[in-house]
Amino acid sequence: MKRKLKLIFNRLYSAFGRQYWWPADTLFEIIVGAVLTQNTSWSNVQKAILALKERELLVASKLYHLPEKKLAGLIKSAGYYNLKARRIKNFLEFFFNCYAGRIGLMRKQDSIFLRRQLLAVKGIGPETADSILLYALNKPVFVVDAYTKRILFRHGLIKEDADYSQVRDIFMSNLERNVGLFGEYHALLVKLGKDYCRKQKPKCEICPLWSIKNA
């Protein structure tokens, strides 16, 4: 498994290069983006982020005091905007109550304890929590998404019904726990999933991983 995972990473990095993910100007923007990207495309998230930036609202203290309905109206492009506005507000309540709205304080916290705290926030699931931990808080955890599961299943590394924690553990147990490696690996899998390993009509014959399928 270790050899296969390293082979996949090296092949993808050679094919695509560095992905510079997560694209954001601030750590708080990463957190908001992690919530907004649930069940939508990144292009739609970018529109919502831009709407907040144009009004100079992409600041924790400003969003904390912004009425929920107004926030929902500004993030419509991300879909499920009422639900996501509530989830952002839920996070902000936790953020200010537990960490005084300071990301620096969060980053000092133990990653296992912090993950439990994030998962206790209504609307923050494993993928969102791990995205926040990895990309905003510099914690060595692996982010699993639908692309990850699809790619690993098609290469015979997991069963189709493998759950989030099972897939996450494959990476956490077989790779060096390194923030840079985990962040780049996830980004490369997203790139592969979007451009080649599609749900419908995958481009298997020209996929960078085609020759290692049975390696």
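Please report the relative contact order for the stretch 27-136, taking Cα pairs under 8 Å with a sequence separation of at least 6, and give it as a percent rounded to a whole number.
On the way: 106 pairs, mean separation 35.7, N = 110.
32 percent.
A straight chain from LEU83 to ARG3 at 0.36 nm per residue would run longer than the Cα-Cα distance by 24.7 nm. Dividing the helix sum by the residues of the chain, where each DSSP H run of 4 or more adds -39500 (n - 2.57), gives a mean residue ellipticity at 222 nm of -17500 deg cm²/dmol. Were the residues from LYS194 through ALA120 laid out at 0.36 nm apart, the gain over their Cα-Cα distance would be 23.6 nm. Once the chain from PHE96 to GLU160 is taken as fully extended at 0.36 nm per residue, the excess over their C-alpha distance is 19.1 nm. Step through the residues of the stretch 84-93 one at a time and calculate ³J(HN,Hα) from phi using the Karplus curve (6.51 cos²θ - 1.76 cosθ + 1.60, θ = phi - 60°), rounding each to whole Hz and writing x for Gly and Pro. Per residue, the Karplus-derived 3J(HN,Hα) values read 5, 4, 5, 5, 5, 5, 4, 4, 4, 4 Hz.
Assuming charge only on the beta carbon of Lys and Arg (+1) and of Asp and Glu (-1), the dipole of the chain about its Cα centre is about 300 debye to the nearest 20.
Using only side-chain charges placed at the Cβ, +1 for Lys and Arg and -1 for Asp and Glu, the dipole size of the stretch 119-215 relative to its Cα centre rounds to 320 debye.
Spin-label pair PHE153-LYS53: with each label point 7 Å from Cα along the Cα-Cβ axis, the two points sit 3.5 nm from one another.
Using C-alpha pairs under 8 Å with a sequence gap of at least 6, the mean separation divided by the residue count of the stretch 72-215 gives a relative contact order of 17 percent. Placing a label point 7 Å from the Cα of ASN10 along the Cα-to-Cβ direction, the residues of the stretch 181-207 whose backbone N falls under 18 Å of that point are 181-182, 184-186, 188-189. Candidates ILE212, PHE113, ALA85 compared by Cα position along the dipole of the chain: farthest toward the positive end lies ILE212, with charges placed on Cβ.
What dipole magnitude, in Debye to the nearest 20, does the stretch 27-136 give about its Cα centre under +1 on Lys/Arg Cβ and -1 on Asp/Glu Cβ? Can you show the working numbers first?
Values: 17 positive and 8 negative charges, 52 e Å.
Roughly 260 debye for the stretch 27-136.
None of the figures in this text is laboratory data; all of them are computed from the coordinates on show. A quick note: this is a predicted structure, and the numbers were derived from the prediction, not measured. Virtual Cβ from ideal backbone geometry, glycine too; neighbours counted across all protein chains shown.
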